[in-house]
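The values are calculated or read from the model by the stated rules, or taken from the named source; none is laboratory data. Because the structure is predicted, anything quoted here is derived from the model rather than measured. A quick note on method: Cβ atoms are made from the backbone with ideal geometry, for glycine too, and the neighbour counts reach across all protein chains shown. Areas reflect the complete protein model, heavy atoms only, side chains present, ligands, DNA and RNA absent. Shrake-Rupley method; radii C 1.70, N 1.55, O 1.52, S 1.80 Å.
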Number of protein chains: 2
Amino acid sequence: MNPGTPFFDVVRRQRAHRSFRDEPLDDALVEQVLEAATYAPSAENSQPWQFVVVRDAALRARIGDLTRRAWEAGGRDFERGRLPDRLLADVDRGATGGVAAAPVLVVVCGDSSFCLPAVLAASVFPAVQNLLLAAGALGLGSALTTLTMGFDAELREMLQLPDHIQPFAVVPLGWPARELRPPRREPVDTKMHRDRFGRGW
Amino acid sequence: MNPGTPFFDVVRRQRAHRSFRDEPLDDALVEQVLEAATYAPSAENSQPWQFVVVRDAALRARIGDLTRRAWEAGGRDFERGRLPDRLLADVDRGATGGVAAAPVLVVVCGDSSFCLPAVLAASVFPAVQNLLLAAGALGLGSALTTLTMGFDAELREMLQLPDHIQPFAVVPLGWPARELRPPRREPVDTKMHRDRFGRGW
């Protein structure tokens, strides 16, 4: 894809990438993707997002280790039997090294001094989604991962996050190891309700 | 804008709309916008979103009344002095009738039987952001509002939401009363940190 790709094409092609080519990623591209993130809405336009862009290889390995531990401590057992085998295997590869092998890990945080804690998630995840879509529009691979938040204290210590900065997601960014086909989704009308829940559309 | 609008143009023009023309909105457009929402990522692709599309005028008025009460019970006092006067006045008009006057209110919910409660917000707000962006791409106005969640029990009763369905946002959809200029944002590098928080970019 390229920056001129129509909006709906970018949306319909979004996939989670969990393996990346061993190829560097310019700061300029990271900035472009994160700038798109900042156009997301936030409670009363408080713009509470903060992005810790981790390039340092040792630090990426430590974050990857936390992710692996969170997966092995319960995530894998929880998902086994719930996920199709192929998706489970892909998530497993991602959580045990694939994601951490991306040249950049963006740890997306929210600053609770900018808005009420109750609306912080509502003011951070839309920016995360802009980030992911922008990456796709530029041909980059990315994924929304939250497993690592299971080790909040360790992650805070590694990244020197003050108390008012809450981490919400770790997003790997890099060139995809392979092109992924467009995703499949449940038909939207199975998720729609007219006026009241359960009435169908 | 139109469906062929380039991705980054849609992103850079997103604004919160809080007043709408008195003009109907076809089901087909609502479906198109919500279909885009379903392409968002979710924890292990659980697709836990549920959309209650409220068109009924009496029900919209009741939701609008809840929103007004939440605003008058504390929201307005909290924001006074924090927001620029013009934004405060706009939010005030939205919360006291502007939003509820949209022909459609989409109450975006998450189904906690589809994924762990801890990852429900992370699996719903990206879909909300797709919804908002898609609306903009089609020339519709929309906004992410969460005030009404302050009256969770009343909202649940109105929409007949079962216990496992959690409401996260009320998104008005309609034709904008007027065109809004592109938003301004803090420079992205003021939100970026290299490797560790507080080190700057």
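Want the number for residue A:55 to residue A:23: 0.36 nm per residue separation, take away the alpha-carbon distance, what's left?
Working: separation 32, 0.36 × 32 = 11.52 nm, distance 1.26 nm.
Once the chain is fully extended between residue A:55 and residue A:23, it gains 10.3 nm.
Can you give me the C-alpha center-to-center distance between the stretch B:70-145 and the stretch A:75-150, rounded to a whole angstrom?
Taking the Cα centre of each part, the stretch B:70-145 and the stretch A:75-150 sit 23 Å apart.
Counting alpha carbon pairs within less than 8 Å and at least 6 residues apart, what relative contact order, in whole percent, applies to the stretch A:16-179? Mind dumping the intermediate values first?
Values: 273 pairs, mean separation 63.9, N = 164.
Reported relative contact order: 39 percent.
Mind ranking B:181, A:185 by accessible surface for me, highest first, 1.4 Å probe? It would help to have the intermediate numbers written out before the result.
Working: B:181 180, A:185 50 Å².
So, going from the largest accessible area down, we get B:181, A:185.
Treating the point 7 Å from Cα along Cα-beta-carbon as the label, what are the nm separations from residue B:200 to the other copies, to one decimal?
6.3
Over all directions, average the projected area of the Cα convex hull of the protein assembly as shown and note it in nm².
Numbers: hull surface 71.3 nm².
The orientation-averaged projected area of the Cα hull of the protein assembly as shown comes to 17.8 nm².
Find the sum over both chains of the accessible area lost when A and B are paired, probe 1.4 Å, and report it in Å² to the nearest 100.
On the way: alone 11800 and 11820 Å², together 16690 Å².
Counting protein atoms only, the buried area is about 6900 Å².
For the stretch A:81-96, take each phi angle, set θ = phi - 60°, evaluate the Karplus expression 6.51 cos²θ - 1.76 cosθ + 1.60, and give the result in whole Hz per residue in order, putting x for glycine and proline.
x, 8, 9, x, 3, 5, 5, 4, 5, 5, 4, 4, 4, x, 6, 10
Find every distance from the label point of residue B:97 to the corresponding label point in the other copies (7 Å from Cα along Cα→Cβ) and write them in nm, one decimal, shortest first.
6.4
Based solely on its DSSP helices, what 222 nm [θ] is calculated for chain B when runs of n ≥ 4 H residues each add -39,500 (n - 2.57) and the sum is averaged over all residues, nearest 500 deg cm²/dmol? Could the numbers behind the result be given before it?
Values: 7 runs with 65 residues, N = 201.
Result for chain B: -9000 deg cm²/dmol, rounded to the nearest 500.
Only residues of the stretch B:61-79 count here: report those whose backbone N is under 12 Å from the spot 7 Å along Cα→Cβ of residue B:88, or say none.
B:76-79
Need one number: the % of Cα-Cα pairs in the stretch A:1-101 sitting beyond the 22 Å mark. Kindly include the intermediate steps, with their values, before the conclusion.
Details: 2554 of 5050 pairs.
Looking at the stretch A:1-101, the distances longer than 22 Å represent 51 percent of pairs.
Among B:135, B:101, B:112, whose Cα lies farthest out toward the positive end of the dipole of the protein assembly as shown, if unit charges sit on the beta carbon of Lys, Arg (+1) and Asp, Glu (-1)?
After comparing all options, I get B:135.
Ranked from the most accessible area to the least, with a 1.4 Å probe and all protein chains present, what is the order of A:19, A:123, B:113, B:46?
Values: A:19 45, A:123 0, B:113 75, B:46 20 Å².
Of A:19, A:123, B:113, B:46, the descending order of accessible area is B:113, A:19, B:46, A:123.
With a ≥ b ≥ c taken as the square roots of the eigenvalues of the C-alpha gyration tensor of chain A, please select rounded if a/c is under 1.5 and otherwise prolate if a/b is larger than b/c or oblate if it is not?
The shape class here is rounded.
With a ≥ b ≥ c taken as the square roots of the eigenvalues of the C-alpha gyration tensor of the stretch B:63-105, please select rounded if a/c is under 1.5 and otherwise prolate if a/b is larger than b/c or oblate if it is not?
Values: a/c = 3.62, a/b = 1.56, b/c = 2.33.
Oblate.
If you count only protein heavy atoms with a 1.4 Å probe, what accessible area per residue comes out for chain A, rounded to a whole Å²? Write down the numbers at each step before the final one.
Details: 8330 Å² over 201 residues.
Per residue, chain A has an accessible area of 41 Å².
Please express the Cα-Cα pair-distance distribution P(r) of the stretch B:94-194 as a list of whole percents, one per 5 Å bin, running from 0 to the bin with the greatest distance.
That works out to 2, 11, 18, 19, 19, 14, 10, 6, 2, 0, in percent per bin.
When each copy gets a label point 7 Å from Cα toward the beta-carbon at residue A:26, what are the spacings between them in nm, shortest first?
4.2
Enter the Cα centre distance for the pair the stretch B:20-58 and the stretch A:9-47, rounded to the nearest angstrom.
Using only Cα atoms to place each centre, the spacing works out to 23 Å.
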